Amino acid sequence: MFINKYRNIEELSQSAAKAFIEIAEQSIAKRGRFLVSLSGGSTPMKLYERLANEKLDWPRVHFFWGDERCVPVDDAGNTYGQTKKILFDKIGQTNIHRIESELEPDSAANAYAHTLKKFADAPFDFPRFDVVLLGMGDDGHTASLFPNSPVDVYSPTLAVTAHYQDRPANRVTLTPVVFNQAREIWFLVTGTGKAETVRSVINGERNVEKYPAQRIQPVNGNLVWMLDEAAAGLL
Ligand code: 6PG
């Protein structure tokens, strides 16, 4: 596990954008494609804005999501819709594999599992993502894996209902079995409000029910915490 601390979200986003492009270029050179799972929430938005100005062989990039809220694409709570405005509308032709949030949650979860199968890396029925971006709530959730969510889930996708701030409650999420096969997993976390949870997740007792972010343990990959000084304040 690596812990990278930055003065602020701008510096964090600049560093994350640089690493994203470097790994994307390496993945494309090695495997002819770059598979990335994006995070929702506000923290990664500055990173997406920076990526919109980067040069990359975008037609070889495949965008997926770690989770999505089950609201229409044009709803402000839809992660794909927000990312389309600040990134996809700017970079031109690429490959978008969004969670069909307009479907019933269970149908959306099944449809997404079907999409993942098309990119499967044997022996799994889902891809090994080159990079997974994740955020973390102040309650220790990540993606849409919330406290007391089902633990031993072997399906790649799950429809969940969870309440966090004023965000849409019905969601579809990838599960740890998928996340943990990734080559790189990056948590982007900022703000003093998360410092205590960051400390508990990283240095506290293991309690995946209480801190679902602790279920993110790459089997054969790198786990990187990208934190601003505020979120890292108690480490
Ligand atoms: C979502 C995300 C969620 C998010 C955290 C942190 O769809 O909301 O997947 O897990 O990353 O809630 O959100 P912020 O970055 O807005 O604090």
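The values are calculated or read from the model by the stated rules, or taken from the named source; none is laboratory data. Values in this document were obtained by computation on a predicted structure and should not be read as measured data. Positions of Cβ are generated from backbone atoms using ideal geometry, with glycine treated the same way; all protein chains shown enter the neighbour counts. The area values use the complete protein model at the heavy-atom level, side chains included, leaving out ligands, DNA and RNA. Shrake-Rupley method; radii C 1.70, N 1.55, O 1.52, S 1.80 Å.
Considering only residues of region 137-154 that are touching a Phe, Trp or Tyr at 6+ places or on another chain (Cβ under 8 Å) and open to solvent by less than 10 Å² (accessible area, probe 1.4 Å), which is farthest from the ligand (Cβ to nearest atom)? Across region 137-154, the extreme among qualifying residues is 140.
Is it the case that region 121-128 has a residue that's in contact with a Phe, Trp or Tyr (Cβ under 9 Å, 6 or more places away or on another chain), open to solvent by less than 10 Å² (accessible area, probe 1.4 Å) and away from the ligand (no atom under 11 Å from the Cβ)? Among the residues of region 121-128, at least one is in contact with a Phe, Trp or Tyr (Cβ under 9 Å, 6 or more places away or on another chain), open to solvent by less than 10 Å² (accessible area, probe 1.4 Å) and away from the ligand (no atom under 11 Å from the Cβ), which makes the answer yes. Applying a threshold of 6 Å to beta carbon distances and a minimum spacing of six or more residues, or different chains, the list of pairs starting in region 62-85 at a residue that is open to solvent by less than 20 Å² (accessible area, probe 1.4 Å) and ending at one that is near the ligand (Cβ under 9 Å from one of its atoms) and of a type in the set (S, T, N, Q) reads 66/39; 67/144; 67/173; 68/79.
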